[in-house]
Amino acid sequence: MIKTINLHNILLSVVLFCCATAQAQFQPLIKMAKERNAMTFKLEKNNGYIQRIVINESDMDYVMRYKGDNRFFSIRPGKNIIEQFPANSQEAKGKFQQHENILFYPGREVKESKVGKVVYALPVKDGSTIKCKAAKDKVIVNREDSLRVPCVHFQLNEGDSIYAVRTGTVCFITYDRLKSFYVYHNDGSFELYHDLESNLKVGQHIKAGDYVGTKLGQKPFKMFFFYFDQETLKTTKLPYKTFSPLFRTSNGDIRIEDKHELHAVIDDKLKRQEK
């Protein structure tokens, strides 16, 4: 389980999704930590080998990559042995330290088949009815590239309460006119609650069905669901793959693939699926 993240002591290397225009684009920016206390780099000698080690001092999972290299390394909280070389080899003589050529992506590799089986609550109170539809929003990857990725639009009125769709931990918050916040799950996936009024804080643990904020304005409330995927990074330069989850309703668990009017169900089985 993710513990509270102290951003004063740990400056996370975070992929930011920022609302940039009235069309509600969100722009992923890979931001390297300027402080060096999120990750500690060291070399250790062990049984005739020199080991490259990264100590992750945060409670987030990361994927590490050397810029220009197609190898990816899973970085869990605590000590991680990245590579090892014979002590007398040329590779063992090099330095190992954090620099601009080492990138960290929050999250970890997950299987789409596993993520696709997780059931989410609708972002309204148990028993409420809500209109929603599958949509695609434009993502600006960089100055030259953009693509459209799946998301879900929920029709809520201004002032309506919004509730957590799944148990997890708030890992990042962006501020524009309103707040957008990101929730991380134990399986390595995230969701983005896009533009709402909220008092949530980074590191706060929320449970499915908890009140998380208030809808402002007349535009649909948008949510994005995603996880780190190296193949998506290679082909689109976007390090995360979006997906459409299953939602629990009075008519069973459904995936939102068109326009729907759904009746929300938040039962004990849904709440207990998180470990």
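Throughout, read-outs are computed from the coordinates displayed, never taken from laboratory work. Computed from a prediction, not measured in an experiment: that's the story for all the values here. Cβ coordinates were reconstructed from backbone atoms using ideal geometry, including for glycine residues, and neighbour counts include every protein chain displayed.
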The stretch 138-275 - percent relative contact order, Cα under 8 Å, separation 6 or more: 24 percent
Alpha carbon centroid spacing (whole Å) that separates the stretch 39-117 from the stretch 169-213: 28 Å
Dimensions in Å of the stretch 188-275 - Rg and Dmax from alpha carbons: 15.2, 40
Theoretical FRET efficiency, 1/(1+(r/R0)^6), r = Cβ-Cβ of D210 and Y66, R0 51 Å, to 0.05: 0.80
Computed Rg/Rh of the stretch 57-102, alpha carbon atoms with Kirkwood Rh: 0.99
Restraint check, K114/K219; K67/K241; K114/K215; K131/K179; K117/K138, Cα-Cα greater than 28 Å: K114/K219; K114/K215
Calculated FRET efficiency for the pair E197/E91, C-beta based, R₀ 41 Å, to 0.05: 0.20
